[in-house]
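A short worksheet on the structure shown next.
The values are calculated or read from the model by the stated rules, or taken from the named source; none is laboratory data. Everything quoted here is computed from the prediction, not taken from an experiment. Reconstructed Cβ throughout: ideal geometry from the backbone, glycine too, with neighbour counts over all protein chains shown. When the accessible area is computed, the model is the full protein with side chains, heavy atoms only, and any ligands, DNA or RNA have been set aside. Shrake-Rupley method; radii C 1.70, N 1.55, O 1.52, S 1.80 Å.
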Amino acid sequence: MNSITLPVMRPRLPSADQVLPYLRRIDAARWYSNFGPLAQELEARMAVRWGMSPACALSLSSATSGLSVALMAAQAPVGSLCLIPSWTFVATAHAVMQAGLTPFLCDVDERTGTLTPALAEAALAAAPAAVGAAMPVCPFGAAIDWEGWAEFRRRTGLAVVVDAAAAFDTVRPGPLPTVISLHATKVLAAGEGGLLLCEVGVLIIRARRHANFGFFGDQRSQVRATNAKMSEYHAAVGLASLDDWPNIRATWQGALGRVQAAARAIPHRWPAGLGEDYVCSSPSIRVADAAALAGRLRAEGIEARQWWRGGIGSHPAFAALPAMDLPATAALARSTLALPCWPDLDEAAAGRLGEALARHGAG
C-alpha cells in the first residue's frame, strides 16, 4: 500500500508572529490560567460576534468538557438518559457520560444527518428509563433546527445542549446552551479549547462553577465539577485566529471550492450550502460505498476518512448503550466520506484528487 502523500487534513494555526503580541501580554501579566485576561477577552469578543453580552460566553479547555459542563449547568438529572444522535463523533457520548447521564442513541434524518425534534419526541415515547436531557449535533458544521429545538425544550422541560463543535460558521446561539470546538482541526482554532454560549446568564455563571472544581467566590467546592478552564496560551492562539477570521474564512472557501470541483468527477451528494453559506474543515460527501472508495484512494496515497465510522454504537465503549432502531445511521455510515481539505490545498492537489476520483467511479 502506498504511503499517504495527500492527507485528509493539514491544520494551519496562526503564525508565531500573529500570536506573539498576545504572548507578550501573558509575560507581562503572569496570569496563565484560571479565567485570565486573554480568556476573558476571547469570551467578550466571541459574544460580541453574535450580538450577545460578554456574560453569555465561557471559554473552556475543550468542547468535550464544555458539553459536560453545559449539561451540569443546565441541571440535567444525574442518572437519567440523554437523547443523542447515533450519527455523531464519540466525543458527544463521552461528554454525556462524564456528566453522569447515559446516552440514548436516536436515529437521524438521513437527508440532513441531524437528530430532529420530531425524532426526539418519538425517542421519548420509547425510552427505557427517564429522560433528562437531549443533545442535538450540528453534523460536520451544518445547521440544525434552532427554533424547533428551543420549542422542544419549552414543551418538554428537558435540558437541551447543542453540540456545535464544527459549526463556528453556522451557529445561532440563544437560549440553548451551545458548545463550539476551537480544536486545531476546526476552521477557527485555538489549538485546543471550546466555547460555551448561552443568552441565559445564570447558566453561564453556574457553568463557570462546574468548570472550576465547584468553586464560586471562595475555596469551598459547592457542586459536582471538573477542571475545564482554558489556558491563557490557548486563548492567545484563539484571539490571533479571531483577528484573522475574514481571511481564514475566505481561504477555507477557496479550498472547499476546489474540493467540490474535484468531487464532480463522481456521482455524489455535496452538503447543501457548504463553501457558500458556511465553511467547515471536514467536507463529507455521500457516495455509494464510502469504505470501498476510501480504500482505492488510499492505494494511490490519498487519505479519505469515514470520520464517524458506523455511528456511536459501532464503538466498543458504547456497544451496550440503549438505542432506537438506526436505519438512517446505517445508511449514512455506508455512504459518508470526508475528502482531503485544508486551508492551503492548491489546484495541483485538488486536480490529483479529481483524477483519482474519476478513475474510481462511484466507489
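Within the range 214-234, residues that are closer than 28 Å to VAL96 by Cβ sit with their Cβ atoms under 9 Å from residues that are surrounded by fewer than 15 Cβ atoms within 10 Å (Cβ to Cβ) and of a type in the set (D, E, K, R), at 6+ positions apart or across chains, in these pairs: GLY214/ARG220; GLY214/ARG224.
When we screen GLY310, GLY254 for residues that are of a type in the set (Gly, Ala, Ser), without any contact (Cβ under 8 Å) to a residue 60 or more places away in the chain, part of a helix (DSSP H, G or I) and out of contact with any Lys or Arg (no Cβ under 8 Å at 6 or more places or on another chain), the only hit is GLY254. Here ASP325 fulfils each of the conditions (1) open to solvent by 50 Å² or more (accessible area, probe 1.4 Å); (2) touching a strand residue (DSSP E or B) at 6+ places or on another chain (Cβ under 9 Å); (3) assigned to a loop (DSSP other than H, G, I, E, B) apart from (2). Only one entry of PRO136, PRO177 meets the criterion of being closer than 18 Å to GLN98 by Cβ, surrounded by 24 or more Cβ atoms within 10 Å (Cβ to Cβ) and touching a Leu at 6+ places or on another chain (Cβ under 9 Å), and that entry is PRO177. Among all positions in the range 94-114, there is at least one residue which is polar (S, T, N, Q), surrounded by fewer than 22 Cβ atoms within 10 Å (Cβ to Cβ), in contact (Cβ under 8 Å) with a residue 12 or more places away in the chain and touching a strand residue (DSSP E or B) at 6+ places or on another chain (Cβ under 6 Å). Filtering ALA240, ALA292, ALA261 for residues that are farther than 30 Å from LEU119 by Cα and touching a Phe, Trp or Tyr at 6+ places or on another chain (Cβ under 7 Å) leaves a single hit, ALA240.
Any residue in the range 65-79 that is under 16 Å from the mean Cα position of the chain (by Cα) and over 17 Å from ALA164 (Cα atoms)? Looking for residues that are under 16 Å from the mean Cα position of the chain (by Cα) and over 17 Å from ALA164 (Cα atoms), one finds none in the range 65-79, hence no.
In this structure, is THR336 under 20 Å from ALA167 (Cα atoms) and not charged (D, E, K, R)?
Numbers: under 20 Å from ALA167 (Cα atoms): yes; not charged (D, E, K, R): yes.
Judged against the criteria, THR336 is a match.
Close Cβ contacts (under 8 Å, 6 or more residues apart or on different chains) running from residues in the range 47-58 that are at pLDDT 95 or above to residues that are in a loop (DSSP other than H, G, I, E, B) and open to solvent by less than 30 Å² (accessible area, probe 1.4 Å) comprise TRP50/VAL171; TRP50/PRO173; MET52/PRO173; CYS56/PRO173; CYS56/CYS198; LEU58/ALA211. Against the numbered list (1) open to solvent by 50 Å² or more (accessible area, probe 1.4 Å); (2) part of a loop (DSSP other than H, G, I, E, B), SER282 comes up short only at (1).
Give the residues of the range 224-248 that are outside any loop (DSSP other than H, G, I, E, B) and open to solvent by 50 Å² or more (accessible area, probe 1.4 Å), sorted by residue number.
Narrowing the range 224-248 to residues outside any loop (DSSP other than H, G, I, E, B): 227, 229, 232-243, 245-248.
If the condition is that a residue be outside any loop (DSSP other than H, G, I, E, B) and open to solvent by 50 Å² or more (accessible area, probe 1.4 Å), then ASN227, TYR233, HIS234, ASP243, PRO246, ASN247 are the ones that fit.
Can you tell me which residue among ALA143, ALA167 is under 18 Å from the mean Cα position of the chain (by Cα), over 30 Å from GLU232 (Cβ atoms), part of a loop (DSSP other than H, G, I, E, B) and not hydroxyl-bearing (Ser, Thr, Tyr)? I'd like the intermediate steps shown before the answer.
Values: ALA167 fails: over 30 Å from GLU232 (Cβ atoms).
Exactly one residue qualifies, and that residue is ALA143.
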